[in-house]
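Worksheet: one structure, shown below.
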Amino acid sequence: MTATTTRRPWRLAFATAAVAALAVVGVGAPAAFAASTIDAAAKGSITVHKHETPGTTAGDGTELTPGPTTDPVKDVEFTVRQITGVDLSTNAGWLSAQELYAGFVPTDPEADITGAYGFGTPDVKTTLATGIAEFTDLPVGLYLVEETATPDGVIGSAPFLVTVPITNPADDSNWIYNVHVYPKNSVVGITKAVEDTNDYVAGDEVEWIITSEIPETTGTTAEDITSYSVVDNLDPRLEYASTAVAVIDPAVALTRDTDYSVIVGDNPDTTAVEDANTVSVVFLEPGLNKLEASRASKVQVTVNTTVLETGVIPNDATLFTSNPYSDSKVKSNVVETCWGAVNIFKVDADNNATTLADAVFDLYSSTVTNPTVAQLQRVGTTTITTNADGEASIDLLRCSDFEDNAALSPVRTYYLVETTAPDGYELLAQPIPFTITKAAVEAYTPTQIGLDLQVENVKKFVLPLTGGSGTAVIYLAGIALIAGGVVFLVIRRRSAKHHS
């Protein structure tokens, strides 16, 4: 129970009981007198009803009808201890109880339990699926009720004092020995999503989107949020790029290094698994104040990474949050991104042992069956060129059948489009299709990483010389005639010169 929901009813009970005990008892029937006098030998009970979200209306010790409409919370551990040295069958005992209550501090509940006061044997119980924990066979007395353990995602409520019995709120002339209390918890959750729809090759950034809830409080200082951190322990195959932090639905403006800090690497303020690849978003005091004022909103942390190696790469996140008397740690769901590779072997179509260098490809993709050229989407901007051994590889390529942590249908087919053929060979007439499936990636071994893709080229056809061999004969005959004519002219000139 929170400080707001516990102090006023018990203060009223203490005051009412003390006044009633000290007042001069008027003339009345013996039965009425007996009902207004505490039976010191009686046994009572404290029934804890644990439900989500804090209340703003103080309880009065009776069982609510109807009960709370919010979900019950199971597996919450409560410890109840009687404060010894307080005899509630006497007026002096009620004055002692009131004094202890007035000085009670939820963050240090044992502070005033000193000197003449002490604690009885602890009684520990855990709430059932109904959210109920019953402490029975309790002697008359003053009790400290503490929430000593909570399941993941449950923010604990403040310790409180309660008496057995309490004055009946519906009839101030008698007592209730079976007391019902409703300390309500704030339950927080965290979810993770991945967006890799537009990520295909090395260097493309995968977005990990973490959405976490803000603990609900009643606005009292005792229930302030004292810490709030979202921690993403990245897989070693991921390289951190950047972080964005926002409060959404409705939005609240945040300033980095004022409202929150981003720590890459070990963070001593959390108990997460620490290494150099851990990203922590830690809210600072101004940011915590904004969270308290925006409990209907959610915190959204987006961590951008690039992929370093092939594989089905999982990722989750952890929310750490606390108030002055409770720490909570809750993990998100696990999401995955899937990346494979393709190994290209360029060979002669007639003799596969002949490898072909300097074949150049562009990479395209489409989710359309038998796509047209217009339906192909260029993947990346780099070209792929075979080396002297006729080999080339695309070391990172997102899986064809897995996108945004879900199976993709229809699958994305990749296409190799040859833009430059090896010297002496014809260009490929069509793109070469291939897919990289999640199942294939999961089956990779250290000696077989990636899809092996053999691509064959045919040699260029050898064409005859223009005009064929008959034309060459004519050319030779023409040359011979010209040469003969030249010789004839030379001989004739010499003869004419001789006669003259």
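The values are calculated or read from the model by the stated rules, or taken from the named source; none is laboratory data. Note that the structure is a prediction, hence the values are computed from the model and not measured. In this analysis, Cβ positions are derived from the backbone assuming ideal geometry, glycine residues included, and neighbour counts consider all displayed protein chains. When the accessible area is computed, the model is the full protein with side chains, heavy atoms only, and any ligands, DNA or RNA have been set aside. Shrake-Rupley method; radii C 1.70, N 1.55, O 1.52, S 1.80 Å.
Any residue at all in segment 31-44 that is β-branched (V, I, T), within 23 Å of A170 (Cα to Cα) and at pLDDT 85 or above? Yes, segment 31-44 contains a residue that is β-branched (V, I, T), within 23 Å of A170 (Cα to Cα) and at pLDDT 85 or above.
Condition check for N370 on (1) under 30 Å from F461 (Cα atoms); (2) open to solvent by less than 70 Å² (accessible area, probe 1.4 Å): one failure, at (2). Scanning segment 186-212 for residues that are hydroxyl-bearing (S, T, Y) and more than 15 Å from G380 (Cα to Cα) yields a total of 4.
Residues that are polar (S, T, N, Q) and outside any strand (DSSP E or B) were ranked within segment 184-201; the one that is most open to solvent (accessible area, probe 1.4 Å) is N198. Per the listing T136, T127, T211, the residue uniquely out of contact with any Lys or Arg (no Cβ under 7 Å at 6 or more places or on another chain) and of a type outside the set (K, R) is T136. For the condition of a type in the set (K, R), modelled with pLDDT under 75 and crowded, with 19+ Cβ neighbours inside 10 Å, R11 does not qualify. Taking the criterion of being aromatic (F, W, Y) and assigned to a helix (DSSP H, G or I), the residues of segment 72-117 that qualify are W94, Y101. Under 8 Å between Cβ atoms, at least 6 apart or on separate chains: pull out the pairs that start in segment 406-419 with a residue that is farther than 24 Å from T383 by Cβ and of a type in the set (S, T, Y) and end on any residue that is open to solvent by 40 Å² or more (accessible area, probe 1.4 Å) and in a strand (DSSP E or B). Matching pairs, first to second residue: none at all.
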